[in-house]
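Comments concern the structure below.
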Amino acid sequence: MVLALLALSPGRVIPFEQLIDELWEDRSMINARNALHAHIVRIRRAMSATCPGGGKRLCTTRNGYVLDVPADAVDAVRFTSLADAGRELASDDPVAAGRLLTEALNLWRGPALMEARDGVRCRISAADLEERRLTVYEDLTELRLSAGLGRVAIPELRQLAERHMERERLTELFMLALYREGRQSEALAAFQEARRRLADGLGVEPGRSMRRLHQEILQQAEALGEPRGITRADAYS
């Protein structure tokens, strides 16, 4: 948790009190500053073992500790920067945007801060990163569907849509991906299944955007593009 907090704010001093609170929260801790220092010593040793002199990057200041590394040395920071750059390019240069968003997602190796979620600040940061990860995945999937940047992994999209039923955009992308593959009936069934999950789990109906997409799929609207292997003439023959 100590290393995670320092890494999430590279180059910025994290006060002793904030680190102590993250480690022990409301628990009364005798000699908390000494106990924190013991953690810092172990982290420095581990950093030096990984990279000679690496422990010197963890510096002590008058008020706290700072991880003295460039911001882009931290994968969470790189992820956010790549995601922002990709989103900005989405309308003007979809190919470059897709490359940046793919690079951002490729930085992930599992859940955010997987071994450092006991503290409040780490939990909040992990939740924010996971939320952003899903948004980047949605942005990249939408780019692939709208700009033809490769096929979408439908099983993965299905799994995410079912796991995050509150994110209707995922379900919409799943429906559209199915439709584009020429699987109109499955796309319509996906809407009905999502409608049932929303009603049972959250007590709500699908939003306007999902309902509109459902109608467009029913009507095989031109705005959705041609299903793979089906021409417009075939659809109405």
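The values are calculated or read from the model by the stated rules, or taken from the named source; none is laboratory data. Values in this document were obtained by computation on a predicted structure and should not be read as measured data. Note: ideal-geometry Cβ built from the backbone for every residue, glycine included; neighbour counts use all protein chains shown. Note: accessible area is taken over every heavy atom of the protein model, side chains too, but ligands, DNA and RNA are not part of it. Shrake-Rupley method; radii C 1.70, N 1.55, O 1.52, S 1.80 Å.
Side notes on the structure shown:
So that you can scan it fast, the table gives a plain yes or no per residue for (1) at pLDDT 80 or above; (2) loosely packed, with under 11 Cβ neighbours inside 10 Å; (3) closer than 25 Å to Met165 by Cβ; (4) hydroxyl-bearing (Ser, Thr, Tyr):
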{"residue": "Ala199", "(1), (2), (3), (4)": "yes, no, yes, no"}
{"residue": "Gly203", "(1), (2), (3), (4)": "yes, yes, yes, no"}
{"residue": "Pro206", "(1), (2), (3), (4)": "yes, no, yes, no"}
{"residue": "Ser209", "(1), (2), (3), (4)": "yes, no, yes, yes"}
{"residue": "His214", "(1), (2), (3), (4)": "yes, no, yes, no"}
{"residue": "Pro227", "(1), (2), (3), (4)": "yes, no, no, no"}
{"residue": "Ala235", "(1), (2), (3), (4)": "no, no, no, no"}
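- Selection of first residues in the stretch 198-219 that are farther than 23 Å from Gly182 by Cβ and of second residues that are part of a loop (DSSP other than H, G, I, E, B) and among the acidic types (Asp, Glu), restricted to Cβ pairs under 9 Å at least 6 apart or on distinct chains, gives the following pairs, ordered by first then second residue: Leu198/Glu166; Leu198/Glu205; Ala199/Glu205; Gly201/Glu166; Leu202/Glu166.
- When the stretch 1-38 is filtered for residues that are among the basic types (Lys, Arg) and either open to solvent by less than 40 Å² (accessible area, probe 1.4 Å) or part of a helix (DSSP H, G or I) (or both), only Arg33 remains.
- Candidates in the stretch 81-116 are the residues that are crowded, with 17+ Cβ neighbours inside 10 Å and part of a loop (DSSP other than H, G, I, E, B); of these, the one that is modelled with the lowest pLDDT is Ala116.
- Number of the condition not met by Arg78 [criteria: (1) more than 22 Å from Arg12 (Cβ to Cβ); (2) surrounded by 15 or more Cβ atoms within 10 Å (Cβ to Cβ)]: (1)
- Qualifying position, being outside any loop (DSSP other than H, G, I, E, B), among the aromatic types (Phe, Trp, Tyr) and within 22 Å of Arg133 (Cβ to Cβ), among Phe174, Phe191: Phe174
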